[in-house]
Amino acid sequence: MVNVSTSFAKGAEPSFAELLEQSFARDEVDEGEIVKGIIVSVHKDHVLVDVGFKSEGMVPLHEFPMINGQPSVKPGDSVDVLVETRENDNGLIVLSKEKADKLKIWDEISAACERDEVVEGIIVSRVKGGLSVDIGVKAFLPGSQVDLRPIRNLDKLIGEKYKFKVIKFNKKRGNIVLSRRALLEKERDQLKGVTLQKLEEGAVMAGVIKNITEYGAFVDLGGIDGLLHITDMSWGRVNHPSELFQVGDEVTVKVLRFDRDQERVSLGLKQIQADPWTTAQTAFPVGSRVKGKVVSLTDYGAFIELVPGVEGLIHVSEMSWTKRVKHPSKIMNIGDEVEAMVLGIDVENKRISLGMKQIEPNPWHTLNEKYPVGAVIKGQVRNITDFGIFVGIEEGIDGLVHISDLSWTTRVKHPSEMYEKGDEVEAVVLNIDAENERISLGIKQLHEDPWSRIPQTYPRGSRVKGKITKITDFGAFAEIEPGVEGLVHVSEIADEHVDDPRKYLKVGDEKEVMIIDIDGDDRKIGLSIKAVGKAEAGTDYRAYLSSTGGGMGTLADALKGKLKRD
């Protein structure tokens, strides 16, 4: 055998090429050397390889690629192998193709690292602190070196193929650390230089959506990012940028502002399109009918998108002629298509007033024909207030019966004394004010006013039965027929002086009383118990009435000021 010595620098490890050269220079091989061999035969679980030594070498079959379940090698093929054992029990050399390949890969990676070249690999798994990458051997990619910005979900990169820069290499420890970020930063810096040369306000540039936030989207213009604010994305309403864009989308934008010192760029998309308000006056003239989509609801109305970028407001007061709309959501939803009429347009302030009710005829304008004054209507009591009751005439149209029009004779303190919600009543139409959308009704007008006959029915001097209904300090009220009362003044209760009427009368007493005066215009009746007694005693009541001045003086005084009946 020829002994060929090869010297290496102290501490240096031989390269793959040097190991291979050694193997061809000697007749025998040493363990750990890489040699070139020729495949002699392929067996079930191993391959025999001639490496030029006295005996052949054996390589496990699984170390060779398989195609459709069959080995991809055949006798006569050349192969590089590593000598693991010079001779086993069978007299064969134990060889390894896998280890030879790995040594070769380590040399290639080492060379690439020295020449500052990139390597290519596939991300195979998630490991603590980053990712594991197959570049022929396993290498580590720290999470901070994956991209220019932190990536929350590293798992989505598994299976992807990228180029990397080797930033740490230790063959003895089998340690390789990679960086993809270093390559991206270098690429970004190169692109940034080109972009800055053409970046100026007013320029229209192409870019890629890099990130999306609630307030906008960041666009990569080529090494430098610009902000496309949500208000500059569209002339129309945009609730969230994700409605228009996804990360990776290509966009064409206009540079609105550029701070070269801070490298801050503001971008606009809508600015490369015409402002729809420039033609709104012509497109939506006052009085025209339009259709649009409900895009927003507020307490005071609904915003309708007529075309992207042009919205009009339907105020709640313009939604229905008859319904009292408390909130727009009661009659419409976001996304609904509605028809309306243009009531006004202010292009300068970008405002359009719309009305829905104007699409239909105003029912108040036909009420005079349907319900003329004097007509009798029937409806349910929809609401009760201190001053009257509201009676439903049609859907959304109520008429008011004022408390003073409930009864000719009954003194009503509150309408709830006589009616409840839901009661069905009849009433007479007294007046219709279409302009102010008011209808006045009356219930007492359904019947004849009893006071038109009371002065004739109860002339002065006539005697009637009266029921005491209320007692006050100045006298007592007595009902002489349902709803018709008169006052028995304290001076007309008895002959003697009366300090307290309650000593002589109580509520519910029935007494015979004399009509001593009556005023049909003021609807007042003066009564006397004392006069009845005088008449029965033979006193001329006419002379008595004359002496009292007709009785109405004291009656009028009693009904004034603090003596007025509650």
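Computed values, structure above
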item	result
Cα-based Rg / Dmax (Å) for segment 363-446	12.0, 35
Residues M514, M356, sorted so that the one with the fewest Cβ neighbours within 10 Å comes first	M356, M514
Two-decimal ratio, segment 132-280, of alpha-carbon radius of gyration to 2.2 N^0.38 Å	1.32
Length released on extending from N333 to V137, taking residue separation times 0.36 nm less the Cα-Cα span	64.5 nm
26 Å Cα-Cα threshold exceeded, pairs from K74/K161; K330/K421; K54/K172	K74/K161; K54/K172
Binned Cα-Cα distance frequencies in the chain - 20 Å width, integer %	13, 21, 16, 15, 13, 10, 7, 4, 0
The chain: relative contact order in percent, alpha carbon pairs under 8 Å with at least 6 residues between	5
Label-to-label distance, nm, for residues given as D522 and R463 (7 Å Cα→Cβ offset)	2.7
Label-point gap, in nm, between H414 and I359 - each point 7 angstrom along Cα→Cβ	4.3
Volume in Å³ per residue [convex hull over Cα atoms, computed for segment 130-202]	116
Cα-based Rg and Dmax for segment 199-272, where Dmax is the largest Cα-Cα distance (Å)	11.2, 33
Residues L227, L446, L148 arranged by fewest to most Cβ contacts within 10 Å	L446, L148, L227
Extension reserve of the D449-E496 stretch, reckoned as 0.36 nm per residue once the Cα distance is removed	13.1 nm
Sites R324 and R260, calculated FRET efficiency, Cβ-Cβ separation with R0 60 Å, nearest 0.05	0.50
Share of alpha-carbon pairs per 10 Å distance bin for segment 276-359, given as whole %	20, 56, 22, 2
Residue order, fewest to most surrounding Cβ atoms within 10 angstrom, among I272, I334	I272, I334
For segment 32-93 and segment 464-510, distance of Cα centres in Å	136
K421-K291 FRET efficiency (beta carbon distance; Förster radius 41 Å; 0.05 resolution)	0.55
Length released on extending from E201 to R438, taking residue separation times 0.36 nm less the Cα-Cα span	79.2 nm
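Values quoted throughout were computed directly from the atomic coordinates according to the rules given, and no laboratory measurement underlies them. Since the structure is predicted, the reported quantities are computational estimates derived from the model, not experimental observations. As a convention, Cβ positions derive from the backbone with ideal geometry for all residues, glycine included, and neighbour counts pool all protein chains shown.
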